[in-house]
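Here is the structure we will look at, set down as structure tokens.
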Amino acid sequence: MKFVGLAGLGLLLGTFALASPATAARAPEVVGVKPEAVEMKAEAIVRAPGGLNVRSGAATDRPILGTVDNGSKVRVVCQVWGQQVKGSRRTAALWDRLDWGHGHVADGFLEWPTGRPALPWCGDPPVDATSSAVDITSGRLNVRSGPGTKHSTVGSLGDAAGVRVECRRWGSTVDGNAVWDQIGPGRFVADKYVRWSPAKPRYPWCGQAPATVPAATKDAFFARVAGPAQASARKWKVPASVTIAQAVLESGWGRSTLTRVDHSYFGMKCFGGPGPIAVGCSTYVTQECANGKCGSTRASFRAYRAMGDSFDDHGRQLATLARYETAMKYAADPERFAREIHKAGYATSPTYANNLIDLIRRYDLTKYDRLS
């Protein structure tokens, strides 16, 4: 295996290709395996003419740490749900972390001699492989046919029994936790009673689309969000120009982790639950302002299957919540609309409305209203 340092990276050509949206993968719902079958390290062969880039994260826009030669062997320690890539062997949204430098390679370019093993989820670096097991004080943990206690019991597990979590679903609340972990087709356990070691990884919601890569330019970002914003305008009467300006501010031009991983462009909080459109609630660090002071805090945000759901939920909230009733009277006046939603408490930043209006004017976003 050849490793090329940063000094030689300018001579390398990437081997990644994005998959067509029509073939976009969804978070897996595959057959669970016995805990002892989970590989902590597995060997694969690189099949990438010209070499395979090793990235710092699970996406093609992440910095390149080096390359590995075509035909060389690599050792994989864990997997990450990331950007979908069309590789020489398969199209996949899974990325594999190597046993050196926390580097990631697209799974689509790896050949697994005996079939792809059941790899554990990666934690955030410096944590690599994580493991999950039942954590109860007495009795046995019921395995349900769906994500909730009303679903039938299809088995049970004792304390410390290993479980391989494939994805998560939102369901009935168990001691304040509404997340259920899928451990196989029609097999769910309450996340409240699952212990992760050494840290809990960020694994996908079941059926969730792969992580995205930010648009290369501002014009490309507008092209990406214009359709969903205009669809929201037709359905919910929210000005597309305001929706797009909010998406710019709240997603950081699509760069935030919340947007990339959970397809949320508006930072809508859960406040007890995801509502009828989102698939769940994920916790992130955020900035909040109160009494003239701003600082970092952790909050629970709505997670979506895909981008379009985020725009639909955003429009629904503005059109149906009583506090935005005044704003909806000014749907034909985007700047007044922006001020009214700010007055109604949409964001805590004292300059929020002015920031929206600046974006609307600077990029002539009202043109999207005319095309709605």
Can you work out the base-10 log of I(q)/I(0) for the stretch 212-293 at q = 0.13, 0.14 1/Å, using the Debye formula on its C-alpha atoms alone?
-> -0.46, -0.54
Could you list which residues have their amide H under 5 Å from that of residue 128, counting only those 5 or more apart in sequence or on another chain, with H placed in the peptide plane?
-> 123
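Ignoring ligands, DNA and RNA, what percent of the accessible area of the chain is carbon or sulfur (1.4 Å)?
Numbers: 8770 of 16990 Å².
The nonpolar share, carbon plus sulfur, comes to 52 percent.
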Gyration tensor (Cα) of the stretch 107-176, equivalent ellipsoid semi-axes in angstrom | 29, 15, 14
Give the distance, in whole Å, between the Cα centre of the stretch 156-172 and the Cα centre of the stretch 74-109.
-> 24
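Report the Stokes-Einstein translational diffusion coefficient (µm² s⁻¹, integer) for the stretch 218-349, Rh taken as the Kirkwood radius over Cα pairs, at 25 °C with viscosity 0.890 mPa s. Mind dumping the intermediate values first?
Numbers: Rh = 14.9 Å.
The diffusion coefficient I find is 164 µm²/s.
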Global size of the chain as Cα Rg and Dmax, reported in angstrom = 22.4, 64
In nm, spacing of pseudo-spin labels at residue 362 and residue 69 (7 Å Cα→C-beta vector) | 4.9
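Please list 129-141, 304-316 highest first by mean number of surrounding beta-carbon atoms within 10 Å per residue. Spell out each step's value before the answer.
Values: 129-141: 15.5, 304-316: 22.0.
My ranking of the peptides, most packed first, is 304-316, 129-141.
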Where the centre of each part is set by its Cα atoms, how far does the stretch 304-342 sit from the stretch 222-287, in angstrom?
-> 11
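Taking only DSSP H segments of four or more residues, each worth -39500 (n - 2.57), what value at 222 nm results for the chain once the sum is divided by all its residues, to the nearest 500 deg cm²/dmol?
Details: 8 runs with 80 residues, N = 372.
When only DSSP H runs of four or more count, the value is -6500 deg cm²/dmol.
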Surface accessible to a 1.4 Å probe, residue 352 within the full protein complex, Å² = 10
Would you mind giving the average projected area, over all directions, of the Cα convex hull of the stretch 45-92 in nm² with one decimal?
-> 3.4
For all pairs of alpha-carbon atoms in the stretch 75-202, what percent lies in each bin of width 5 Å, listed from the first bin to the last filled one?
-> 2, 11, 18, 19, 17, 13, 11, 7, 2, 0
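For the chain, what does the accessible surface come to per residue with a 1.4 Å probe? Please give it in Å².
Values: 16990 Å² over 372 residues.
Value for the chain: 46 Å² per residue.
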For the stretch 145-206, what percent of Cα pairs sit more than 14 Å apart?
-> 53
Overall dimensions of the stretch 288-372 by Cα: Rg and Dmax, Å | 14.3, 40
Under a Gaussian network model of the chain whose springs join Cα atoms within less than 10 Å, the largest fluctuation of 246, 84, 317 belongs to 317
So how tilted is helix 352-362 from the main axis of the chain? Cα-based, degrees 0 to 90, rounded to 10.
-> 90
Choice from 114, 320, 283 showing the highest fluctuation, given a GNM over the chain with Cα pairs closer than 10 Å | 114
On the formula 1/(1 + (r/R0)^6), with r taken between the Cβ atoms of residue 333 and residue 294 and R0 of 25 Å, the FRET efficiency rounded to 0.05 is 0.30
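The values are calculated or read from the model by the stated rules, or taken from the named source; none is laboratory data. This is a predicted model, so every value here is computed, not measured. Ideal geometry is used to build each Cβ from the backbone, glycine not excepted, and the neighbour counts take in all protein chains shown. The protein model used for the area step is the full one, side chains on, heavy atoms only, and it has no ligands, DNA or RNA in it. Shrake-Rupley method; radii C 1.70, N 1.55, O 1.52, S 1.80 Å.
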